[in-house]
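The values are calculated or read from the model by the stated rules, or taken from the named source; none is laboratory data. None of the values given here were measured: they were computed from a predicted structure. Cβ placement follows ideal geometry from the backbone for every residue including glycine, while neighbour counts extend to all protein chains displayed.
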Amino acid sequence: MTIAPALHSSKKMDWQTPDHLLERVRAIGPIAFDPATSPDNPTGAAAFLAPPSDGLAEDWPVEGLTYCNPPYGRALAPWSVRITQHEGEILVLVPSRTDTKWWNRLRAWADLCLFWRGRLRFKGATAPAPFPSCTFYRGPRPSAFRREFGDCGHID
């Protein structure tokens, strides 16, 4: 029996953010923009992009708090480039793939990184994710990020 493929792959690439995580994001500030949501806008962002819009190609507003849970899998590499080009405050939820170039690009750019304790159970999922997660933060309120997420895991 081989476990490795199950740990590093998933047929699902659009994992929806758990409500308890979004509550913590909103405690930092209202979500002004989400460039990678679904048409029903589960993050409650004031402005958002959902398919068929392309969050990689569209302009992102700099004002307010941006929240991004990008598509996973191979799509993460181009999303990591776009995310690091953002000049405003942002929180980003991604799998903790510390061995990848895209993850290390985000880590070098971010002010803070939360390594989640345990596995997140994404919205609508019947079981926890088959991978660990992390949340990157970049912006002017690192103390608010630490206050809201400090009990969720290790912040570096």
**Report entry** Subset of region 108-154 that is among the hydroxyl-bearing types (Ser, Thr, Tyr) and free of Cβ contacts under 8 Å to residues at least 12 places away in the same chain - its residue that is surrounded by the fewest Cβ atoms within 10 Å (Cβ to Cβ)
**Finding:** THR126
Requested in this report: Using the structure shown, decide if ARG82 is in contact with a Gly (Cβ under 8 Å, 6 or more places away or on another chain) and assigned to a helix (DSSP H, G or I).
Outcome: yes
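For every residue, the table says whether it meets (1) surrounded by fewer than 21 Cβ atoms within 10 Å (Cβ to Cβ); (2) modelled with pLDDT of 95 or more; (3) within 23 Å of LEU21 (Cβ to Cβ).
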site	(1), (2), (3)
PRO51	yes, no, yes
VAL62	yes, yes, no
CYS68	no, yes, yes
PRO71	yes, no, yes
PRO78	yes, yes, no
GLN85	yes, yes, no
GLY88	yes, yes, yes
LEU91	no, yes, yes
THR100	yes, yes, yes
Query - Condition broken by ASP111, with the remaining ones in (1) farther than 19 Å from ASP19 by Cβ; (2) in contact with a Leu (Cβ under 8 Å, 6 or more places away or on another chain) satisfied - result: (2)
Requested in this report: For residues that are among the small types (Gly, Ala, Ser), in contact with a strand residue (DSSP E or B) (Cβ under 9 Å, 6 or more places away or on another chain) and at pLDDT 95 or above, tally how many sit in region 112-143.
Outcome: 3
Query raised in the report: Considering region 137-151 alone, what residues qualify as being in contact with a Leu (Cβ under 8 Å, 6 or more places away or on another chain) and more than 22 Å from SER80 (Cβ to Cβ)?
Result: ARG146
